[in-house]
Structure formats: structure tokens, C-alpha cells
Amino acid sequence: MIDTYRQSSSMKRQVTPIMYRACSTSRLALQLPGYRPLRQLHQKAAATASITRTSRDIFSTQRALHLTTNPIPKWNQKPWSNNQPSTSSRAAYTTATLSNPTIHEIFEKTSGTWQYLVADPKTSKAVIIDPVLNYDSATQAITTEAADAILSKAKEMGYKIDKILETHAHADHLTAASYLQTRLATDQGFKPPVCIGKRIEQVQTLFAKRYGVPAKEYVRVFDRLFDDDEVFSIGELSAKAIHLPGHTPDHLGYMIGGKRSIPFHPCPFLPQILKRAPENLFCGDSLFHIDIGTARCDFPGGSARDLYASGRKLLSLPDHYKIWTGHDYPPEGRSEPVPWMSVRDHKTLNKHLKEGICEEEFVALRRERDGGLKAPRLLHQSLQINIRAGRLPKVEESGFRFLHVPLVVGGEW
């Protein structure tokens, strides 16, 4: 954004110091030959410019250029009057909001799940994506270490949690959404809504019937159901819910950050430059690390063809966009989990979806792979809790809460 303040005297006009604060590619805009006025200002700034880098990432690097007071160049000189100068005689500046989120990734090792805390640095409002409850299958104990780590980080950073976002009804870990809601209602004075895609209702109906979950324990337990491509805000950040079916029919991804709005942009090059802003797509269980490929599609309502289409939708994004995954299971030779890869990385290296792999090849690969997979270790526990938005079953007369686990019986009975 460029802010100018003009002062007048009886004989001449001067410009007070100007600060340019923009992404690293903004300097290119000032050097482009088709926009001479801004180029001249940039040239005058070069001698006294001080550049401050605030991020290791090239696309989120910010520069602050401080201009000393100088007379208006001849191209903009005109006798000063009390009237507003005509459009042709004054510089046209762009009013745009470009804000990049602060992202904290927290890995839960037992389930291999990435939890995310995503904040608007300007307002300190934040969202939590796919939080995890710890579950010990040997003792049936539920604990909250992973979720508490998110709360600790939010408190440390001074964030106010605005929403809790679920990408889908997970089948491999229990969501901590309800626990976090309860804690945050006390800690920050209001309860953030738990949000998910609108197709969750068909998933709830299916598994509630299978596990005998009473309707009062799953109907309308989510606070907000997103439509496809619904836009919402996180402070001053722009975000969008994107339908990514395949792994499950209700699956969403969340696009967060980058270009918010451009109310006025006379510079013909600026919209193209702003497209280079770093966007972040939280894809849940659609794409995994490039050496793993994609998620399984053998759950009820899952579809390898749908997942292929969702993957191609993601890989149609600009190459520099970051795709943040929901899980990572480092194979032999890679010791540490990795939260994100770029679109370009996936296009060139993803073992299931890289360029050159057609739909039929992907479907055959996915079906063969899924046919040899065992059910997730926490399948039954996860689904019964997650269709309840993380709420626990009611306490029975015995004083205990119960989940239903189906038996696989062999022989004749």
C-alpha cells in the first residue's frame, strides 16, 4: 500500500516522506517501463532505501523503502490551488490489502496428524484446523496433550480463536473441537464455532445408523456448514472453503491468505504481481507428502475418480502456492514429518499425481493400493466421536461412557 500526504506553499508543492511496504515482487512493479511515474519515485528512493527482510520465504519477504523529502518531479508539477488536481496531473496510487497469515504447525505423532493454528498478524484473530484428542487404545483413555499444545501456543502469541475448522469427519483420530470450544469459552470469553462442509450431514446419518448414535447427539452439533467456495474471513485475512471429495464425500480444503481486495488499481501490472502473493491451501487428507502420494478412497462415499479430480484442481493452482497436508507418515529415508509442499513440487514429484499420470492410471493404482490396506486403528472410535463434532457419548447409569466396536466373528455361531 502506498500512502502519500501533500503539503502546499504559495509557490511550490512538496511530498512528505513516503513509506512503501509491499511484498518482494512490488519492486518489480516500480521498475516496469510502462509505468514511468512510479519508476521515477523508485529511482529517487534507491539511494536512501533501507531494506528489511522479515521472512525466509521469498514470496512472503517484505521490504520497507523510506524516501527522503524531495520536490515533485516535473511530470507532476502544476501551480497549486485550493482545488483538487485533475486526474491526469496527479499520481494514481493503488489501494490494496495484502496480508499473509502466520502459520503454526503442531504434529501429533501417534496418529501422524498435522494440526494447524493460522492467525492474522494484524488483528491476532486465528483459526484452528483439524485438532486432535489423544486416545490410548489399550486403556481407552482420552487425554488432551495435543489440543493443549495449541492452546498454549495461542496464549503465548496473544491470539483470539475465531473459528475451529474441520476438513472432514476423520476416521483415524478423534477431533478435539468440542474440548477446545469449552476451554476457549472460558479462556477468551466467547466460544468459537466449529465449522465443516455441508455434506457432513449425509456422513453423520450413515455412521449414526451403523453405530447406533442417538439423533440428539449428532444433529446440528456443528455450528457452521460451509457451502462450496464459500468465502469467510479470519480477521483481515480472506479464506475460502473448497470442496475436495474423494477421500470422503464431505471433504473440504481451506484457502487462506494472499490477495484480499484491490478497490482501485490503475497500474496495469499490479494485479499480475499480486497473484504472486503466497496462498496457502490446507488440503486435509487429499494430498500427502510427494513420497507418499494421496489418501485412501475406500471409505463409504469415497471415490478414486473424485480424488483424482480434486488433486488436479489443487495442482491447477499457481506453482508457488503451498499445500499443507493433514497427515505425514515419513517413510524409510526421511526422518522428519513435513507439513507442506508447493504445487510445483506435487506437479513434478508426487508419486500418485505428478504430471503425466492419467485418470485411469491413478484409479487403477489407488484401487490396488486401497485393496491391501487395513482399517485405521481408531476407525470406530474416531467416527463415533467425530460425527458428534468431538462431543463424548452421554454418561450411562453405570457411570461410564461407551463407544460401540463391531466384532468380526469367525466360524459358525
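The values are calculated or read from the model by the stated rules, or taken from the named source; none is laboratory data. Predicted model, so just to flag it, every value in this text is computed and none were measured. Here the Cβ is made from the backbone with ideal geometry for all residues, glycine too, and neighbour counts use every protein chain on show.
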Are any residues in the stretch 104-124 in contact (Cβ under 8 Å) with a residue 60 or more places away in the chain and crowded, with 19+ Cβ neighbours inside 10 Å, and if so, which ones? E108, S111, T113, W114, Y116, V118, A119, D120
Assess whether E355 counts as being modelled with pLDDT of 95 or more, more than 19 Å from T143 (Cα to Cα) and not in a loop (DSSP other than H, G, I, E, B). no
Only residues in the stretch 225-252 that are assigned by TED's automatic domain parsing to the domain that holds A126 and surrounded by fewer than 22 Cβ atoms within 10 Å (Cβ to Cβ) count as the first member; pair them with residues that are among the small types (G, A, S) and not in a strand (DSSP E or B), Cβ under 6 angstrom, at least 6 apart or cross-chain, and list the lot. P249/G301
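Out of the residues in the stretch 163-188 that are hydrophobic (A, V, I, L, M, F, W, C) and within 16 Å of L225 (Cβ to Cβ), state the one that is surrounded by the fewest Cβ atoms within 10 Å (Cβ to Cβ).
Start the filter on the stretch 163-188 by keeping residues that are hydrophobic (A, V, I, L, M, F, W, C), which leaves 164-165, 169, 171, 174, 176-177, 180, 184-185.
Still in the list and also within 16 Å of L225 (Cβ to Cβ): 164-165, 169, 177.
Working: I164: 29, L165: 29, A169: 26, A177: 31.
The qualifying residue surrounded by the fewest Cβ atoms within 10 Å (Cβ to Cβ) is A169.
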Can you tell me how many residues within the stretch 363-413 are within 25 Å of A177 (Cα to Cα), under 31 Å from the mean Cα position of the chain (by Cα) and in a loop (DSSP other than H, G, I, E, B)? 11
Considering only residues of the stretch 314-329 that are within 20 Å of V363 (Cβ to Cβ) and touching a Leu at 6+ places or on another chain (Cβ under 7 Å), which is surrounded by the fewest Cβ atoms within 10 Å (Cβ to Cβ)? L315
If V395 meets every condition in (1) in contact with an Asp or Glu (Cβ under 7 Å, 6 or more places away or on another chain); (2) loosely packed, with under 14 Cβ neighbours inside 10 Å apart from one, which number is that one? (1)
Find the strands (runs of 3 or more DSSP E) located wholly in the stretch 127-221 whose residues include 2 or more that are in contact with a Pro (Cβ under 8 Å, 6 or more places away or on another chain) and at pLDDT 95 or above, and list them. 160-165
Of all residues in the stretch 358-413, which are under 21 Å from Q202 (Cβ atoms) and of a type in the set (S, T, Y)? S382
Exactly one condition in (1) more than 28 Å from L117 (Cβ to Cβ); (2) free of Cβ contacts under 8 Å to residues at least 12 places away in the same chain; (3) surrounded by fewer than 13 Cβ atoms within 10 Å (Cβ to Cβ) is false for E336; which is it? (1)
Of K191, K160, which residue is touching a strand residue (DSSP E or B) at 6+ places or on another chain (Cβ under 6 Å) and surrounded by fewer than 21 Cβ atoms within 10 Å (Cβ to Cβ)? K160
Limited to the stretch 306-327, what total is found for residues that are out of contact with any Lys or Arg (no Cβ under 9 Å at 6 or more places or on another chain), in contact (Cβ under 8 Å) with a residue 40 or more places away in the chain and closer than 19 Å to H247 by Cβ? 12
Quick one: would you say L379 is in the same structural domain as S137 (by TED's automatic domain parsing), within 30 Å of V405 (Cα to Cα) and modelled with pLDDT of 95 or more? yes
